[in-house]
Amino acid sequence: MNNYFNPKQNAMQKADMLLRKAAASAYPNTELPNYVVEIPSDNKNGDFATNIALAGAKSFHAAPRMIADKLVANIDLEGSVFSKLEIAGPGFINFFLGDGYYCDVINGVLTEGDDYGRTDYGKHTKVNVEFVSANPTGPMHLGNARGGALGDCLAAALDWAGYDVTREFLINDAGNQIVKFGNSLAARYMQIFKGEDAVEFPEDGYQGEDIKTLANEFKELVGDEYVNKPNELNKAITDFALPKNVQGLKDALRKYRIKYDVWFSETTLHEEGAVKAIIDKLNEKGATYEKDGAVWYKASEYGAEKDEVLVRANGIPTYFASDIAYHYNKFVTRGFDIAIDVWGADHHGHVARMKGAMDAIGLDGTKLDVVLMQLVRLVKNGEQIRMSKRTGKAIALTDLLDEVPIDSARFFFNLREPQSQMEFDLGLAVSEDSDNPVYYVQYAHARICSIIKNLAAEGIEFKGAAQCNISLASTNEERELIRHIAAFPDEIIAAAKNYDPARITRYTVELATIYHKFYNVCRVKETQEDLCQARLALCCATKTVIKNALTMLKITVPEYM
RNA sequence: GCGCUGGUAGCUCAGUUGGAUAGAGUGUCUGGCUACGAACCAGAAGGUCGGGGGUUCGAAUCCCUCCUGGCGCACCA
């Protein structure tokens, strides 16, 4: 049983139980049709509605309205959370919640406090969320900013929904791109001494200014020591630069308020022989073959489009090989039940073959979930700012965070669902006025704090939910507010289930809107005492939910603005 | 060419997994502070849900087809 407080879900289940009971007595020995109990878009149609009479026309052998009449006649609302039923339209049965429900919601929220919204939906399933995992060969870019906000908030949603969550960053500190990184650094280092024209820069090298900066720092440290030791230069300068870059990633992400549980080094997989072991394993399963001097994996037999190289002709394993070993490590060595990878949409070709590879090594590919995220278009004054890693003019994450407040960046990147091609409006994100939705939500919180403070100054304190009669808060605005507050735990579950934390961000905007409407219609101050207390209870409950939601998203919750 | 993914109000996007008259924000226009924070609220206007077929009591949602934007199809990661 669920010990957590999830009022909406509970009430919905109660509605469903009443329906089943009614159907059992009205139509004994008849199989129930596929029906739903849902929340109508217009609350004139009740708090919950069911299509059971429409969907059951065939199995109950009657017209929908007749079925609805018969079912309703068999439902007794006495002692339930519902105050009335209605039959509407073609045969919908609508449930209306009663006073008791609204009181329970506010009472429950204030009792749960900082924990309101948590459920045990995930049943402590061990889930690993890997996100950003930017190459340590250069600074992070705008896409990583979205991936960071997305991954971190998804992890938070899973945590609140009762999963056992690990946030993880994979450091790609092995393989081809590190070799390229070293070659680029070495060339820049040599150019310092011999001139740019005398030393050829690798055609596929990293062009960015940061490579020159690192080479210069290395020169400051060791002078010309390596000019005549070309064989040792590459390793020495890589060993110098790589940790610096990794530290840069850590610093930038910490500034972005992301704290990882695990920084996983790809190199350790090679050192421990895990990559070789996984290739052997595939080999044993008969899933490999040799061609042109390379070892291939029969990916096409496991759902992928075509076969893939595991070990190049030069003997170096591909990233794909180490990625299989890495996920084997997640599932088998560390025992995660689910692995979620947040990738840029440009990696979608990798999805089917990774899942297939999990099946090929005897694991379950369906336990690997990939959240594909579309890249971001940066827009300022209606014009797109293109980013290019090659020209070195990329918009770095650190640059973005220097310009855009963290609250704003995290909020914006979580406003759209992952697969949408979002636009990031730099002008809007920087603006500190009402156009910026993050302030709209924070404003609602600050407003509530102000009301509470003003009342306290007049000697009026909130006496606690148990001491007040919430049913006095009976206007549409008040009821709407309570209903939305009640939906918070379900919204988190939906975000976790659909891997879409943007739902929570949008939820906070809706909550703020509903609160502002309430504020404009219902005075708290200078109101008859009982009603004042009831409305104060609503304010406190709203404050709790905004605080919990924004805290979950790691956005500050100001009391003044 | 094949695959993934999008196309909903002028613009940016929702739409609770097939439900009731398709919704927000923004922009435009009009109202509301000698009242708890006007960083707010109310109202108006704005739609062939890319086009066309199909499935059924019922489609933005599912199927087929066409148009179109983005991305991917390396012994890169």
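The values are calculated or read from the model by the stated rules, or taken from the named source; none is laboratory data. These figures come from a predicted structure and were not determined experimentally. A quick note on method: Cβ atoms are made from the backbone with ideal geometry, for glycine too, and the neighbour counts reach across all protein chains shown.
Condition test on A:LEU158, is it touching a Ser or Thr at 6+ places or on another chain (Cβ under 8 Å) and not polar (S, T, N, Q)? Spelling it out, it is not the case that A:LEU158 is touching a Ser or Thr at 6+ places or on another chain (Cβ under 8 Å) and not polar (S, T, N, Q). Among the residues of region A:49-59, those that are surrounded by 22 or more Cβ atoms within 10 Å (Cβ to Cβ) and outside any loop (DSSP other than H, G, I, E, B) comprise A:ALA49, A:THR50, A:ILE52, A:ALA53. Among residues of region A:535-547 being over 25 Å from the mean Cα position of the chain (by Cα) and within 20 Å of A:GLY117 (Cβ to Cβ), the one that is nearest to RNA strand B (Cβ to nearest atom) is A:CYS539. Of all residues in region A:1-51, those that are β-branched (Val, Ile, Thr) and at pLDDT 85 or above total 2. Annotation: of all residues in region A:451-477 being of a type in the set (D, E, K, R) and near RNA strand B (Cβ under 9 Å from one of its atoms), the one that is modelled with the lowest pLDDT is A:GLU477. Which members of region A:14-41 meet the condition of being surrounded by 13 or more Cβ atoms within 10 Å (Cβ to Cβ), part of a helix (DSSP H, G or I) and without any contact (Cβ under 8 Å) to a residue 40 or more places away in the chain? Scanning region A:14-41 gives A:ASP16, A:ALA24. Output the residues belonging to region A:502-534 that are of a type in the set (D, E, K, R) and within 8 Å of RNA strand B (Cβ to nearest atom). Matches in region A:502-534: A:ARG503, A:ARG506, A:GLU510, A:LYS517, A:ARG523, A:LYS525, A:GLU526. When A:TYR328 is tested against (1) buried (at least 21 other Cβ atoms within 10 Å of the Cβ); (2) part of a helix (DSSP H, G or I); (3) within 14 Å of RNA strand B (Cβ to nearest atom), only condition (3) is not met.
Scanning region A:548-561 for residues that are more than 7 Å from RNA strand B (Cβ to nearest atom) and either in a loop (DSSP other than H, G, I, E, B) or out of contact with any helix residue (DSSP H, G or I) (no Cβ under 7 Å at 6 or more places or on another chain) (or both) gives A:THR551, A:LEU553, A:LYS554, A:ILE555, A:THR556, A:VAL557, A:PRO558. The number of residues in region A:257-281 being farther than 16 Å from A:LYS330 by Cα and either surrounded by fewer than 13 Cβ atoms within 10 Å (Cβ to Cβ) or out of contact with any Lys or Arg (no Cβ under 9 Å at 6 or more places or on another chain) (or both) comes to 6. Under the condition of being surrounded by fewer than 17 Cβ atoms within 10 Å (Cβ to Cβ), part of a loop (DSSP other than H, G, I, E, B) and within 13 Å of RNA strand B (Cβ to nearest atom), the residues counted in region A:346-378 number 2. Answer yes or no: is there a residue in region A:182-204 that is under 29 Å from A:ARG146 (Cβ atoms) and either surrounded by 13 or more Cβ atoms within 10 Å (Cβ to Cβ) or not acidic (Asp, Glu) (or both). Yes: one or more hits. Residues that are more than 11 Å from RNA strand B (Cβ to nearest atom), surrounded by fewer than 17 Cβ atoms within 10 Å (Cβ to Cβ), not basic (Lys, Arg) and not in a loop (DSSP other than H, G, I, E, B) within region A:73-95 comprise A:ALA73, A:SER83, listed in sequence order. When the residues of region A:169-181 are filtered to those that are under 32 Å from the mean Cα position of the chain (by Cα) and of a type outside the set (A, V, I, L, M, F, W, C), the one that is surrounded by the most Cβ atoms within 10 Å (Cβ to Cβ) is A:ASP173.
Conditions (1) in a helix (DSSP H, G or I); (2) surrounded by fewer than 18 Cβ atoms within 10 Å (Cβ to Cβ); (3) at negative phi, marked per residue:
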{"residue": "A:LYS463", "(1), (2), (3)": "no, yes, yes"}
{"residue": "A:SER471", "(1), (2), (3)": "yes, yes, yes"}
{"residue": "A:HIS484", "(1), (2), (3)": "yes, no, yes"}
{"residue": "A:ALA494", "(1), (2), (3)": "yes, yes, yes"}
{"residue": "A:TYR499", "(1), (2), (3)": "no, no, no"}
{"residue": "A:THR508", "(1), (2), (3)": "yes, no, yes"}
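Put simply, of A:LYS525, A:LYS517 the only residue that is outside any helix (DSSP H, G or I) and either of a type in the set (Lys, Arg) or surrounded by 14 or more Cβ atoms within 10 Å (Cβ to Cβ) (or both) is A:LYS525.
The residues of region A:297-319 that are touching a strand residue (DSSP E or B) at 6+ places or on another chain (Cβ under 6 Å) and either under 20 Å from A:ALA174 (Cα atoms) or away from RNA strand B (no atom under 14 Å from the Cβ) (or both), listed by number, are A:GLU308, A:VAL309, A:LEU310, A:VAL311, A:ARG312, A:ALA313, A:PRO317, A:THR318.
When the residues of region A:97-153 are filtered to those that are of a type in the set (Val, Ile, Thr) and over 30 Å from A:ASP323 (Cα atoms), which remaining residue is surrounded by the most Cβ atoms within 10 Å (Cβ to Cβ)? Taking the candidates together, the pick is A:VAL109. Kindly establish whether A:TYR499 is within 25 Å of A:VAL81 (Cα to Cα) and more than 7 Å from RNA strand B (Cβ to nearest atom). So A:TYR499 does not fit the description; no.
Of all residue pairs spaced 6 or more apart or on separate chains, those with beta-carbon atoms under 7 Å, a first member in region A:286-297 that is within 9 Å of A:LEU310 (Cα to Cα) and in contact (Cβ under 8 Å) with a residue 40 or more places away in the chain and a second member that is within 11 Å of RNA strand B (Cβ to nearest atom) and assigned to a strand (DSSP E or B) are A:TYR297/A:GLU308; A:TYR297/A:LEU310.
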